[in-house]
Amino acid sequence: MTTLTTEALTADEIVTSSARKQVDAFNSGDWEQMRAWLAPDSATRAWNPAEDRGAREDPRALQGWKTAFPDAPAR
């Protein structure tokens, strides 16, 4: 028997679920999944503007945070 759920998720539930998936991907170091969550026009800003990059192409900023704080998981 198949059960159908007739209740749609609320906007808050959708945001919470999406945020949880992003946090889980960061905590596990799944950079491909993190990249998939970034907007196509997102960017990483560096101290040297010549090093600015599109975040989807270059997740090094996220990897840098994870390397600097390996035991401080996002919540």
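Derivation of every value follows stated rules applied to the coordinates shown; laboratory data play no part. For clarity, every value in this text was computed on a predicted model and none was experimentally measured. Cβ: placed from backbone, ideal geometry, glycine included. Neighbour counts: every protein chain shown.
Ranked for footprinting exposure by Cβ neighbours inside 10 Å, fewest first, ASP30, ASP71, ASP41 give ASP71, ASP41, ASP30. Report note on the peptides 34-40, 12-18: ranked by the mean count of other C-beta atoms within 10 Å, highest first, their order is 34-40, 12-18. Each residue of the stretch 16-25 is assigned a 3J(HN,Hα), and the resulting list reads 4, 5, 5, 4, 4, 5, 5, 4, 4, 5 Hz, derived from the Karplus form 6.51 cos²θ - 1.76 cosθ + 1.60 (θ = phi - 60°), x at Gly and Pro.
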